[in-house]
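Remarks on the structure that follows.
The values are calculated or read from the model by the stated rules, or taken from the named source; none is laboratory data. None of these values were measured; they are calculated from a predicted model. Neighbour counts are summed over all protein chains in view; Cβ atoms, including those assigned to glycine, are modelled from backbone coordinates with ideal geometry.
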Amino acid sequence: MNDRVSNSAIRLTLHFTPKEKLPKRLTAKKDELFPDKKKDEVAEANFRTSIIEWEEFINAVLKFDNTDQVWRFLNITPLVENDIKVVSRCRDFINFTKLFIKFRDNKKIDRGHIGMMSLLHTTFQHEIERKLGIRF
């Protein structure tokens, strides 16, 4: 698997997984007691499954477009122009929305991937709002 895809999939999994659902190896502090082994095995399996799902999603998106801009979408790192005041004027947001529509309207796209795109699109919007000082 492509390292760039894998790294992004891990970042997205970490971003969208609640802390209490992550394997303890990623959240435990040195002074914490050993975790419930069975619960942690389930968390680890779910974590690995989520990474695979994000990798599949990323590869599906890259079939549509594999540009630096698309990688900004996937890494939730919007480029926000200095002269804008609202999200709807941000070129990255406009282009992400166009990609989302194209992705959504393709009959071959897995419905789960459309849900992931929706989640990513909303998070991308929130990051733009944060950069504009609209969301803190």
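Remarks
- Scanning the range 41-65 for residues that are surrounded by fewer than 19 Cβ atoms within 10 Å (Cβ to Cβ), part of a helix (DSSP H, G or I) and among the acidic types (Asp, Glu) gives 41, 44, 53, 56.
- Matching residues, the range 12-43, being within 30 Å of residue 70 (Cβ to Cβ), modelled with pLDDT of 85 or more and not basic (Lys, Arg): 12, 13, 14, 15, 16, 17, 18, 22, 23
- Set 51, 76, 84, 58: member being touching a residue at least 24 places away in the same chain (Cβ under 8 Å), of a type outside the set (Phe, Trp, Tyr) and on the phi > 0 side of the Ramachandran plot: 76
- Residue within the range 67-78 that is touching a Cys at 6+ places or on another chain (Cβ under 9 Å) and modelled with pLDDT of 95 or more present: yes
- Single residue of the range 81-136 satisfying the filter (crowded, with 16+ Cβ neighbours inside 10 Å and in a loop (DSSP other than H, G, I, E, B)) that is modelled with the highest pLDDT: 90
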